[in-house]
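Below: one structure, written as structure tokens.
Just so it is clear, none of the values below were taken in a lab; they were calculated from the coordinates. In this text the structure is predicted, and so the values were computed from the model without any measurement. Note that we place each Cβ from the backbone using ideal geometry, even for glycine, and neighbour counts take in every protein chain shown.
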């Protein structure tokens, strides 16, 4: 059977499964991700050969960031989030047939901002300064180089004929040009948006060969994992 490459937009994956990802150990979360990816190799009773799982993300925030709510500077290098994310990436590094493609964070623009709902409530007068709490703030992070790495890898896999199928776990229409290129080269291109509702206006439906979500990775996790896949 043709090889299958599975590409995972890590920022999208973690956001879609935020509660589950944060509640599990880094090692288990790495196992859950790999188990879910390998389930994509089985379809209609046939098992495809895994070329490699590519995971795209950025290292965790490790700098000091001013928190306007507490009026203090927070050292994210000592936070639970830093430890969890570092452990998750280290666990993936140890897995067979897994390649990490890490971009970087725009350190100059890591700040706390109001959530969209908070801005609306402030503007309509329903929220005052005294009512602000932790839920009103979010850490603004901008990744650099991640989308480019995904696009370049899709192009390389297609042009070099290294695989017959690409499964992309993402929900961003930025990958449409890369998907179109792969299909022109004869690659079977499958999109897994992890159950997210996609708009027909963004072109994802038109430029992939199929959309396939298998279910909740954490609920599916079980004995299927097979090192031979």
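A few comments on the model shown:
- In the chain, the ratio of gyration radius to Kirkwood radius, Rg to Rh, stands at 1.01 when only Cα atoms are counted.
- Calculated P(r) of segment 110-196 - Cα pairs past 15 Å, %: 68
- The DSSP beta bridges internal to the chain are antiparallel in roughly 35% of cases.
- Computed from Cα atoms alone, the Kirkwood hydrodynamic radius reported for segment 31-151 is 17.6 Å.
- Only helical runs count toward this figure. For the chain, summing -39,500 (n - 2.57) over DSSP H runs of n ≥ 4 and dividing by all residues gives -9500 deg cm²/dmol at 222 nm.
- Based on every Cα atom in segment 1-45, Rg and the maximum pairwise Cα distance Dmax equal 12.4, 37 Å.
- Pairwise inverse Cα distances across segment 1-87, averaged and inverted, put the Kirkwood hydrodynamic radius at 15.2 Å.
- Mean Cβ neighbour count within 10 Å, used as a protection proxy, ranking 169-179, 88-98 highest first: 169-179, 88-98
- Considering all different alpha carbon pairs of segment 121-171, the Kirkwood hydrodynamic radius works out to 15.3 Å.
- The alpha carbons of segment 149-214 stretch over 33, 23, 20 Å along the principal axes, in descending order.
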